[in-house]
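*Asks:* Here's a structure for you.
The values are calculated or read from the model by the stated rules, or taken from the named source; none is laboratory data. Quantities reported herein were computed from a predicted structural model and do not represent experimental measurements. All Cβ positions, glycine included, derive from the backbone under ideal geometry; neighbour counts span all protein chains shown. Only protein heavy atoms, including side chains, enter the accessible area calculation; ligands, DNA and RNA are left aside. Shrake-Rupley method; radii C 1.70, N 1.55, O 1.52, S 1.80 Å.
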Amino acid sequence: MTKEKLLEYLSCGREIEFKYNEKMYSITQGVLDGKHVLSFCEFNLETTEVEKPEEVLDIERDGKTVLTMIESISDDDIWIY
């Protein structure tokens, strides 16, 4: 998936799950302390919340950014809701 497509999905409120290096991750939308946030996490682990879709791209796990992970996997390993 391209950076532009990922930002488009996140900007319109979509949620994304993906598989990277045999681990499952999710990007969800919600409200925290009265603010709209996007949350990123490996399934069932600690989340990172940000306010803007662009900020999601720079979140790191295991030395890789979300953008690097998403751009390097097949569309078959990405689910959009």
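*Asks:* Would you check which residues across the range 41-81 are open to solvent by 60 Å² or more (accessible area, probe 1.4 Å), part of a strand (DSSP E or B) and touching a strand residue (DSSP E or B) at 6+ places or on another chain (Cβ under 7 Å) and list them?
*Replies:* Matches in the range 41-81: GLU49, TRP79.
*Asks:* Here's a check for you: in the range 36-74, which residue that is at pLDDT below 95 and of a type in the set (D, E, K, R) is nearest to LYS5 (Cα to Cα)?
*Replies:* ARG61
*Asks:* Restricting attention to the range 22-40, and to residues there that are among the hydroxyl-bearing types (Ser, Thr, Tyr) and open to solvent by less than 30 Å² (accessible area, probe 1.4 Å), which single residue is farthest from LEU10 (Cα to Cα)?
*Replies:* By that ranking, first place goes to TYR25.
*Asks:* Of the residues that sit in the range 2-21 and are buried (at least 18 other Cβ atoms within 10 Å of the Cβ) and not aromatic (Phe, Trp, Tyr), which one is nearest to THR68 (Cα to Cα)?
*Replies:* Looking at the filtered set, the residue picked out is LEU6.
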